[in-house]
Amino acid sequence: MNRYLEVLNLPLRYHLAAGLFIRLFLIVYADFHDKTYDLPYTDIDYSVFSDAARHVYNGDSPYKRQTYRYSPLISYLLVPNIVLGKDFGKILFSVFDLFITVAVKNLVQRQLGPKSAATNVPMYCSFLWLYNPLSIGISTRGNADSVSCFTIILSLLFLQTDVVKGLKKYALSGLFLGISIHLRLYPIVFSFPMYLSLGVTKIPRQTTFRQGMLILWPNISQLILATSCLVTLLGLTYSMYALYGYDFLYETYIYHVHRTDTRHNFSVLFYYSYLNTNQGLDLVKNVTNLFKAVILFLLSIKYGPDPQTLPLAMFCQTVVVVAFNSVMTSQYFVWFLSLLPLVAHSFRIKSSKALLLAIIWVTAQGAWLFYAYLLEFKGREVFFLIWLKGVVFFCSNIFVLVQLLRSYTVGYGFGFGQATHLKTQ
């Protein structure tokens with residue numbers, strides 16, 4: 001046990017080296033696996049990224065590659081795949097995992113106060129990302145979500161710490177939030193609670209509409225954050241539109257608004273989408289989106305105004321976005337798993353219960369994957385059973401989230417003592 005603790009408490013640089021080694025090993029293994037087995041290790045999206053990068057390298061549009069539905073920035077990042085080698089992108093995404101690890105450690109340390117460094121709580125939190133099997137798997141399979149996750153964490157780091165002092169930090173926070181929204185639409189939901197965190201610390205239930213408008217009237221820090229975010233987002237969007245026209249708008253944004261996926265989809269709406277393909281106006285999905293919007297708004301109002309609970313608001317919002325989405329794949333899980341280390345230290349929960357919640361979530365996911373395997377590789381007609389497992393998985397997501405919310409205690413620090421709270425910005 002002492003030996004284990006000694007290894008666990010090694011300086012972060014040793015863990016970063018270990019995390020990188022694990023990822024490099026899996027990248028090398030992926031080449032062997034892809035040549036040997038029918039079910040590839042490498043994500044199909046990685047081939048899409050590489051093909052789009054080849055088009056960009058040749059001076060063409062990345063959207064000449066069918067099914068490329070991402071920002072052109074991703075294809076730019078992967079141009080070295082064509083010049084240096086096909087695994088460059090996987091290595092790059094793995095390096096972004098390390099960046100996230102360092103950013104998480106610094107952010108948690110500033111959340112809990114300088115004394116928390118002596119307890120190693122910030123470093124333990126960073127391990128939840130560095131050694132997470134899903135984050136490792138997603139990056140080494142060639143998925144680019146570590147890039148957008150990093151920009152979100154960086155936006156929060158500038159917002160809530162004094163890495164950069166003065167009003168510049170709000171401009172930088174807005175800059176990286178704008179980049180993250182450009183890369184992935186879902187971070188737009190963070191803009192409201194982040195905005196609220198720079199204003200009043202609490203919004204009473206009895207607030208009238210007029211009072212609400214006064215509360216939302218921006219102060220200087222809120223104005224800088226919002227302006228920086230909008231200018232960055234609009235600037236990037238206009239630049240990409242100028243280069244690639246409507247193809248960029250449709251493939252990067254519009255497609256994802258009405259996207260349906262009737263095979264690779266954990267969503268509770270999976271079977272409904274399968275039965276109602278090409279049916280025009282979709283009332284069920286519109287009602288679902290309305291409920292989702294209401295929940296996201298309430299989470300913002302509840303946890304957004306207090307800087308101490310802002311990371312919780314963002315974590316909960318991401319879980320809701322993923323759980324209620326009409327399309328849900330494994331890569332979506334890293335969206336909230338990248339935010340989990342920022343709040344995990346404040347869950348006042350027994351290790352046995354935490355393990356049980358993890359088992360519930362993983363088991364529900366595994367049950368869905370089993371029936372998806374029967375459909376994809378055995379050709380069995382199990383759509384209805386997959387949908388039932390999707391319902392179970394949806395319930396498990398909501399159940400786990402509720403249990404975590406009930407156990408949330410600001411500054412708990414894994415029980416190492418009540419830590420210093422964040423000061424109101």
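The values are calculated or read from the model by the stated rules, or taken from the named source; none is laboratory data. Source: prediction; values computed, not measured. Every residue, glycine among them, receives a Cβ derived from its backbone with ideal geometry; neighbour counts consider all protein chains shown. With ligands, DNA and RNA removed, areas are computed over all heavy atoms of the protein, side chains included. Shrake-Rupley method; radii C 1.70, N 1.55, O 1.52, S 1.80 Å.
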Rolling a 1.4 angstrom probe over the protein heavy atoms, how many square angstrom per residue are accessible across the stretch 94-197?
30
Within the chain, what's the longest stretch lacking trypsin sites (Lys or Arg not before Pro) that sit in DSSP loops with no more than 14 other Cβ atoms inside 10 Å?
1-164
Considering only Leu405, Leu154, Leu175, give the residue with the highest GNM mean-square fluctuation for the chain, with springs between Cα atoms whenever their separation is below 10 Å.
Leu405
Full-extension gain in nm, Phe384 to Phe297, via 0.36 nm per residue minus C-alpha separation:
28.0 nm
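Run the numbers for Arg259 and Thr363: contour at 0.36 nm per residue of separation, minus the present Cα-Cα distance, in nm.
34.7 nm
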In the chain, helical segments from DSSP H whose Cα atoms cover 27 Å or more along their own axis and that average at least -1.0 on the Kyte-Doolittle scale are 12-36, 88-112, 220-249, 283-303, 351-378, 383-407
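Is the C-alpha gyration tensor of the stretch 319-425 telling us rounded, prolate or oblate? Criteria: a/c under 1.5 is rounded; beyond that, a/b larger than b/c is prolate, otherwise oblate.
prolate
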Given H placed on each backbone N at 1.01 Å, which residues far from Tyr408 in sequence or on other chains put an amide H within less than 5 Å of it?
Arg348
With every atom except the alpha carbons ignored, what do you get for Rg and Dmax of the stretch 130-196, in angstroms?
13.3, 40
Of the options Asn219, Gly19, Gly235, report the single residue whose Cα projects farthest towards the positive end of the charge dipole of the chain (beta-carbon charges: Lys, Arg +1; Asp, Glu -1).
Asn219
Can you pull the percent of the chain's accessible area that's carbon plus sulfur, 1.4 Å probe, other chains left in place?
66
Given R₀ = 30 Å, FRET efficiency for Leu214-Leu167 by Cβ-Cβ distance, to 0.05?
0.85
Principal axis box of the stretch 227-360, alpha-carbon based, largest edge first, Å
52, 43, 25
Which of Thr101, Thr232, Thr140 fluctuates most in a GNM of the chain (C-alpha springs under 10 Å)? That residue is Thr232
Ranked by GNM mean-square fluctuation in the chain (Cα springs under 10 Å), the top entry among Leu296, Leu385, Leu172 is Leu385
